[in-house]
Every structure is written in structure tokens, then in C-alpha cells.
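S.K.: Below is a structure I'd like to ask you about.
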Amino acid sequence: MCGIFGIYARNGYNAAPEILGALNALQHRGQDSAGIVTFDQTFQLIKGKGLVNDLIKGQKFTESVGAVGLGHVRYSTMGTPSEINAQPFIVNYPMGIAMVHNGNVTNFNELRKSVREINHRLVMSANDVELILYALAAELETKNLFALTADDVFDAVATTQNRIEGAYSALAIIADVGFLAFNDPHGIRPVVMGRKLTDAGPVYAFASETTCFDYLSFEFMRDLAPGEVIFIDKHHQVHSRILTAKPQHFCIFEYIYFAREDSIIHSRSVAHERSRMGQLLAQEVRRRNLSPDVVIDVPSSAFFFAEALANAINVPYARGLAKNNFFGRSFIQPTIEMRQNTVRQKLNPIRRIISGKKVAVVDDSIVRGTTSKHIVHLLREAGAREVYFISASPPIKYPCVYGIDMSDKTQLIASAYSEAEIANLIGADEVIYQKIEDLISLYPKEFACYACFNGDYPTKISIEGLQAVAKERLDSNIQFISQSI
Ligand code: SF4
């Protein structure tokens with residue numbers, strides 16, 4: 001999972017400050033690296049490891065001119081978190097193209113081979129955006145570059161989409177030609193389009209989530225449809241086509257965990273969706289005849305689940321865990337050791353809320369179980385009489401191959417253990433998961449991807465493919481650890 005942002009304005013506009021502002025608002029989507037590219041006669045690229053603020057330090061953004069630009073925050077699922085894999089990526093022919101993307105290409109090895117053998121391009125990084133970029137460049141190269149038309153661009157994207165398997169939302173600048181936004185035929189990863197009216201004409205922006213639009217005063221226009229391609233030409237005419245659409249399978253984890261609660265995706269407020277999921281959790285708490293004294297959340301993505309659950313069962317909600325906000329999200333740290341260390345330093349129970357109580361603690365999910373176990377331990381140390389661990393997501397039993405760090409089945413606790421066994425392993429009195437059928441009642445299978453819960457993958461993926469993605473992830477971690485030593 002990554003955060004992407006792109007802006008297309010008329011000459012004279014300064015895109016860089018808005019890209020940086022957007023990336024700050026999207027920082028929760030990735031903390032491994034950040035990058036920005038603007039275009040004015042030539043591309044100006046700044047990227048590196050770390051947070052957006054790390055990128056800003058020591059860089060002369062006043063020199064980063066251009067009315068057009070892209071930004072990216074990266075959370076590595078393919079390739080190491082090293083600088084070579086940081087986005088955006090650029091190719092200088094044809095025209096000059098810069099690209100950012102969010103997602104995961106599942107036929108990475110096959111595509112790398114065909115890009116090498118058919119298109120004669122050497123892939124230098126382990127980042128799948130490089131493959132998408134080269135595939136698109138190779139298709140554009142076959143057109144009349146003296147008079148590239150919107151039809152040519154759509155045709156090149158359609159062929160690119162047909163070569164790629166997996167999840168991808170991509171934004172690209174084609175130098176002196178226009179701006180491009182497209183996503184995979186199932187619309188697995190989100191892309192939203194916004195607009196700001198200025199005296200010089202409309203400025204268009206595209207992003208992973210709407211939260212950055214609020215901050216930058218962009219009006220939200222709409223989400224991209226599955227397989228949709230939007231091309232804005234050099235005369236600022238907006239062209240849109242759906243070239244290779246398939247049934248939608250939007251990643252349900254965007255609502256559960258990834259997106260910020262103030263975002264609106266597919267016309268749904270993320271905060272409101274979390275409240276609806278919290279109400280569903282209440283049914284299971286009642287069915288089990290549990291009567292907690294207090295409901296607390298694991299900050300900060302679980303607040304709306306917990307608040308709605310507490311209201312529905314008529315039990316007080318309280319903030320029972322204090323969070324140190326200066327530590328990154330544990331789930332998107334690249335190694336288990338880093339995640340455990342982060343959790344230790346990040347959360348501290350508020351003893352007055354917890355001591356002597358039966359505590360229902362709500363989290364967005366239980367992935368490996370290590371964070372959950374640590375939280376239960378902290379609550380017991382703070383004097384909790386009983387601890388009920390409640391997960392807003394159903395049991396995660398299958399790997400995600402679409403850009404979320406859950407690609408190794410052996411690391412998913414629910415793939416090997418029952419609910420009762422997990423309660424025992426993490427030290428909780430009870431573990432309650434969201435029922436998958438309840439989630440489907442909110443988001444029908446015609447809309448959402450449920451592959452990590454039921455193994456029903458929306459794209460072509462073989463056992464070998466799953467193993468290759470898991471191995472790639474494992475290798476990335478090993479390389480990263482050896483680089484860090
Ligand atoms: Fe999202 Fe799970 Fe589907 Fe991955 S498998 S895209 S995490 S719903």
C-alpha cells in the first residue's frame with residue numbers, strides 16, 4: 001500500500017508545495033520512502049528514504065518549479081525499502097514519462113522477462129512501477145510521436161493493462177503531451193479525482209484518498225471506475241474511457257484500516273463505515289453474553305469501531321491506551337522485529353480506566369497476533385480483570401498479493417489457529433472477529449475483495465504465484481535486514 005498524488009495545472013502554477021502538502025496528508029499510507037517530481041521543460045525529481053518531512057529537509061523546493069507534478073509515499077511490498085525503489089520513476093523516451101503507482105503486480109517475473117526480451121529494456125529496480133512504466137513507454141513508442149492523440153494514449157494504456165496482472169493505480173506525466181490516471185480492471189486500489197477552479201482555469205488533482213483534497217481546497221469530483229483511464233491533454237481537455245473493466249473488487253481493508261477516517265472513498269465516509277462495522281460487532285458481543293465494563297480502542301484506526309460498539313451495547317467508551325504519535329504505524333514497519341519494538345514504545349495503558357475492569361479492546365484486525373498479544377499483556381499489567389479482544393476484520397487466513405504486507409500465509413495467525421486457540425495464544429479471555437457474512441451485508445461481493453478472508457482472488461493467481469509473492473517479500477526483508485546491519 002502506498003499513497004499517490006498528482007496535479008495538472010496551467011503554466012505559472014506552482015505544484016510542488018501542494019504535492020508536499022498532499023503527501024503529508026497521505027503519510028499514513030507509507031513511511032519507507034517519499035518522492036516528488038515536477039515538470040517544466042524537464043523533470044525535477046527528489047526522492048529518498050524516510051518520511052515526507054525527511055525529504056523536505058535540506059532540499060531546495062523553491063527551485064522545484066512546474067505546474068505539473070506527482071508525489072508518492074511508499075510502503076514496500078515488492079523490493080526493499082531502499083532508495084533505488086523509491087518512487088516516482090522516470091523514463092526519457094518516448095517524450096519523457098514520470099510515473100507513480102500504488103498496488104502490486106502479480107506477474108512481476110513474467111512481465112520483467114517480456115519487458116527485457118520483447119521491449120529490450122533492462123529493469124533496474126525491484127519496484128513494479130518500473131515495469132508498468134516501461135510497458136506503457138514501449139506501447140507509446142509504436143505511435144506517431146509527432147502527433148500523439150488521445151486515442152493513441154488510450155490504446156497504449158489498454159495494451160499495458162492487458163499485460164499486467166494484479167492491483168495497480170497509476171498516475172503519469174507524459175512530457176508536453178498530458179497527464180494520465182488509470183487503474184486495474186477490478187479497481188482494487190482507490191484513486192479519486194478532484195478539481196480546484198482558479199482564474200487561469202481548472203487545476204486537476206488525483207490521489208489515493210480525499211483527505212488531501214480537503215487540506216488543499218480541492219473539490220472532490222469522483223472515484224475512478226474499475227479499469228478507467230483518464231487522460232488530460234495539453235489543452236487541458238479531460239478524456240475518459242473504460243477500456244478493460246471487470247467486476248469491481250475494491251480492497252475492503254481501505255475501510256477497515258488503511259484510509260484515514262476523514263476520507264471519502266466510493267461515496268462512503270471512512271469514519272461512517274467504521275461505525276457501521278462497530279455496530280455489527282455488537283451483535284456478536286451480545287450473542288456471547290459478554291458484559292464488559294468499558295470498551296476501549298487501539299488507537300487510532302479503531303476509534304469509530306469501538307465507539308459504535310460501546311453505544312450499541314450501552315457500555316461506556318473510554319480512551320484506555322495512550323499513544324505516542326511520534327512512532328510509525330506498527331503494521332507498516334518492514335520487519336517483525338521493528339514492528340514489535342514500535343508497539344512496545346507506542347502504546348501505554350491508562351491504569352485508571354483499565355484497573356479492576358472487564359475490558360473490551362477493539363482493534364482493526366489481528367494479523368500476526370504479536371501486537372494483539374502485547375496489548376493484552378499491557379492491559380493485564382494495568383489491572384484488567386478480563387480482556388475481550390475484538391477484531392473489526394474477519395480472520396485473515398489467506399495472503400494478500402495486491403500490495404498489503406500479508407503475503408506470507410505462515411505469518412497469519414488465523415490461517416493456522418481457531419478463534420479459541422488465538423484467544424489462548426494472545427492471552428485474552430475471549431477473541432471476537434467480525435463475521436465475514438456481516439461484512440458482505442455492508443459491501444456485497446460485487447463491490448469488494450475478500451480474498452484475504454476467503455481465498456477467492458479476483459485476478460488470475462496460481463499457487464506458484466502466491467509462493468513467488470511470499471518469497472519476494474521474504475527476500476526483501478532479508479536484504480533489508482542485511483543492509484541495516
Ligand atoms: Fe484488500 Fe484483502 Fe483483497 Fe488484499 S486480499 S486487496 S488486503 S481485501
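S.K.: Amide H of S76: which non-local residues (sequence gap of 5 or more, or other chain) have their own amide H closer than 5 Å, using H built in the peptide plane?
M.R.: The answer is D32.
S.K.: Check the straight Cα-Cα distances from K143 and name the lysines below 21 Å, setting aside those fewer than 8 residues away within the same chain.
M.R.: Excluding near neighbours in sequence, the set is K234.
S.K.: Starting from the Cα of N144, move 7 Å in the Cα-to-Cβ direction to define the label point; list residues of segment 83-119 whose amide nitrogen is under 19 Å from there.
M.R.: Only 94-95 fall inside the zone, counting backbone N under 19 Å.
S.K.: Which aspartates and glutamates have a Cα lying under 12 Å from the Cα of K358, excluding residues fewer than 8 positions away in the same chain?
M.R.: D293, E386, D429, E430
S.K.: While we're looking at this one, here's another question. Starting from the Cα of N311, move 7 Å in the Cα-to-Cβ direction to define the label point; list residues of segment 280-304 whose amide nitrogen is under 17 Å from there.
M.R.: 280-283, 295-297, 302-304
S.K.: May I pose another question? Apply the Karplus curve 6.51 cos²θ - 1.76 cosθ + 1.60, θ = phi - 60°, to the phi angles in segment 280-286 and return the couplings in whole Hz, x for Gly and Pro.
M.R.: 5, 4, 4, 4, 6, 4, 5
S.K.: Within 10 Å, count the other beta carbons around each residue, average over each peptide in 97-106, 258-267, and list them highest first.
M.R.: 97-106, 258-267
S.K.: Next question. To the nearest 10 Å², what's M221's accessible area with a 1.4 Å probe?
M.R.: Looks like 70 Å² after rounding.
S.K.: Rounded to a whole number, what % of the accessible area of segment 93-184 do carbon and sulfur atoms account for, probe 1.4 Å?
M.R.: Accessible surface attributable to carbon and sulfur in segment 93-184 totals 49 percent.
S.K.: Would you kindly find the accessible area of C449, with a 1.4 Å probe and non-protein molecules such as ligands, DNA and RNA excluded, rounding to the nearest 10 Å²?
M.R.: 20
S.K.: A further question follows. Cα-Cα over 29 Å: which of K49/K196; K373/K435; K113/K246; K397/K445?
M.R.: K49/K196
S.K.: Taking all protein chains as present, what is the carbon and sulfur share of the accessible area of segment 272-443, in % to the nearest whole number, probe 1.4 Å?
M.R.: Carbon and sulfur atoms account for 47 percent of the accessible area of segment 272-443.
S.K.: Along the Cα-to-Cβ line of H272, 7 Å from the Cα, sits a label point; which residues in segment 291-319 have backbone N less than 14 Å from it?
M.R.: From segment 291-319, the list is empty.
S.K.: Could you state the accessible area per residue of the chain in Å², with a 1.4 Å probe and every protein chain left in place?
M.R.: That works out to 39 Å² for each residue.
S.K.: Once phi is turned into θ = phi - 60°, what whole-Hz ³J(HN,Hα) does the Karplus curve with 6.51, -1.76 and 1.60 give for every residue of segment 123-131, x standing for Gly and Pro?
M.R.: The phi angles translate into 7, 9, 10, 9, 9, 5, 4, 5, 5 Hz.
S.K.: Okay, next question. Counting alpha carbon pairs within less than 8 Å and at least 6 residues apart, what relative contact order, in whole percent, applies to the chain?
M.R.: Rounded, it is 13 percent for the chain.
S.K.: Note down the nm distance, to one decimal, between modelled labels 7 Å out along Cα→Cβ at F326 and at S441.
M.R.: My value for the distance between the label points is 4.5 nm.
The values are calculated or read from the model by the stated rules, or taken from the named source; none is laboratory data. What you are looking at is a predicted structure, and each value in this text was computed from that prediction instead of being measured. All Cβ positions, glycine included, derive from the backbone under ideal geometry; neighbour counts span all protein chains shown. Ligands, DNA and RNA are stripped out before the accessible areas are found, and what is left, the full protein with its side chains, is counted by its heavy atoms. Shrake-Rupley method; radii C 1.70, N 1.55, O 1.52, S 1.80 Å.
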